[in-house]
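Notes follow once the structure below has been shown.
FYI, it's all coordinate maths here, none of it is from the lab. As the structure is a prediction and not an experimental result, all values here were calculated from the model. Methodologically, a virtual Cβ is constructed for each residue, glycine included, from the backbone with ideal geometry; neighbour enumeration extends over all protein chains shown.
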């Protein structure tokens, strides 16, 4: 059993792939083996996270997830724990593996209680597994409500009940810990999954997933690369930030400051409002320039931060000439509203000019001609659709930011927290992305993923007693 942490990458498998792996393993193993292993793993983790629990409630559902819970309950009772079991369904209609676990539980004298206990130290949520495709209903919904009303720890088996394993959508149980079985599921790490799952653990039940069966990856930390002594500012590329329309100059300054802090060799601030230069007296390293005077063919350009409607006039030239490009905020909105700009964006891929789009869900919806509900309903699919449509790397921001590139498995970023939910942090990310592109050659997906990871890690390491503002974040660096 492994604790899922952000210090290494992990492969993620959707429900369809997990079902195939499960069926292939079941065909070669003795009957009920996988459920027995799942129950034992669940019981062991229960003891590890709540060793002093006096009362354990195992809430079982009507399917195989309930069978996993019953197997765990038998072990916990055998180990001397006080266990109470409820079943939200009819045991006589259990599938074969769960029916066998039910018979084992009856033979062991498991106490079946109704209604659930009013007080408990640990609840094992074994109501619904990866097959949940609809909102919780009936007895399952009632039991989930009782779990929510309790004060003890909650351990979910495979996925928190009510959460869609592929997408992270759905309302239901919010767990303190989740033991993911056989494969790690992407829905645990994006959309509502991170809030619902708590700390995720993984047990492959001694069945390694076949190579090439994953649908996505959970990104690991970027490789640290020491700067050679024999290097200079030109070794790390130049960034130009085009944005900062009247009244929004701060957004461009934040992006430019972040690009400096992320290691760009030189940074040019190209405000669309000439008064924005007055915002940078404390940043003498920034060079304020008119964007039209720069050799864009040699630069990584971050375009759109605070750009307002004025950025649309710059976009045809920027799209045609920028060596590499981060398109953010109002730059994305301008492209979404203009089919001609969309065509120019698509041409960049044909010319081999790396491009990163960094939309939040509403901006992504505008680019797709959809709404945020559709985007958030399947964040992996939405990011992949954008990447294929425009031939770009896409950074779909939000809880579990998705990084997608044409023809490649998407990555979900494991770092970051809700302290980033404040104005300007997206502009900081745009600057970090541009700095990564400035130093990179060719592929944009790797530096984009690295920038997203570091942006989130800064927030994860932020001192609890220090407010996280975009200005402070822009100037922050990770300790070596």
Base-10 log of normalised Debye intensity for the stretch 2-218 (one unit scatterer per alpha-carbon) at q = 0.14, 0.15, 0.18 Å⁻¹: -0.76, -0.89, -1.32
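By DSSP, what percent of the beta bridges with both residues in the chain are antiparallel, rounded to the nearest 5? Please report the intermediate quantities before stating the final value.
Numbers: 10 of 57 bridges.
About 20 percent, rounded to the nearest 5.
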Stokes-Einstein diffusion coefficient of the stretch 233-474, Kirkwood radius over Cα pairs, 25 °C, 0.890 mPa s, in µm²/s: 142
What is the pair-distance distribution P(r) of the stretch 369-419, computed from all Cα-Cα distances in 5 Å bins starting at 0, with each bin given as a whole percent? 4, 24, 30, 22, 15, 4, 1
So how much slack lies between residue 409 and residue 233, counting 0.36 nm per residue of separation and subtracting their Cα-Cα distance, in nm? 60.0 nm
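Once the Cβ-Cβ distance between residue 20 and residue 287 is put in as r, and R0 is 60 Å, what FRET efficiency do you end up with, to the nearest 0.05?
Approximately 0.60, to the nearest 0.05.
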Kirkwood Rh and Cα Rg combined as Rg/Rh, the chain: 1.06
Rg [Å, one decimal], Dmax [Å, integer] - the stretch 69-144, C-alpha atoms: 12.7, 37
Convex hull over the Cα atoms of the stretch 237-308, averaged projected area in nm²? 4.1
As a test of the formula, what do you get for the chain when each DSSP H run with n ≥ 4 contributes -39,500 (n - 2.57) and the sum is divided by the residue count, at 222 nm and rounded to the nearest 500 deg cm²/dmol? -11500 deg cm²/dmol
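What Kirkwood Rh does the stretch 415-459 have if only Cα atoms enter the pairwise 1/r average? Answer in Å.
10.8
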Projected-area average for the stretch 189-256 over all orientations - Cα convex hull basis, square nanometres: 10.4
Checking the a/c ratio against 1.5 first, then a/b against b/c, what shape does the Cα gyration tensor give for the stretch 298-345? oblate
Residue 113 to residue 321: extension gain in nm, 0.36 nm per residue of separation minus the Cα-Cα distance? 67.9 nm
To the nearest 10 degrees, how steep is helix 64-78 against the longest Cα principal axis of the chain, on a 0 to 90 scale? 60
How are the alpha carbon pair distances in the stretch 170-215 distributed across 5 Å bins from zero to the largest one, expressed in percent? 5, 21, 27, 22, 14, 9, 2
Cβ density ranking, 10 Å radius, fewest first, applied to 1, 35, 287, 432 yields 1, 287, 35, 432
Descending packing, highest mean Cβ count within 10 Å first, for 135-147, 441-453 is 441-453, 135-147
For residue 469 and residue 1, compute 0.36 nm times the residue count separating them, minus their Cα-Cα distance, and round to one decimal in nm. 164.7 nm
How far is helix 339-350 tilted, in degrees, relative to the longest principal axis of the Cα atoms in the chain, given as a value from 0 to 90 rounded to the nearest 10? 80
Please list, short to long, the whole-number percent of alpha-carbon pairs of the stretch 134-232 in consecutive 10 angstrom bins beginning at zero. 15, 37, 25, 11, 7, 3, 1
Ranked packing of 344-355, 256-267, most packed first, by mean Cβ within 10 Å: 256-267, 344-355
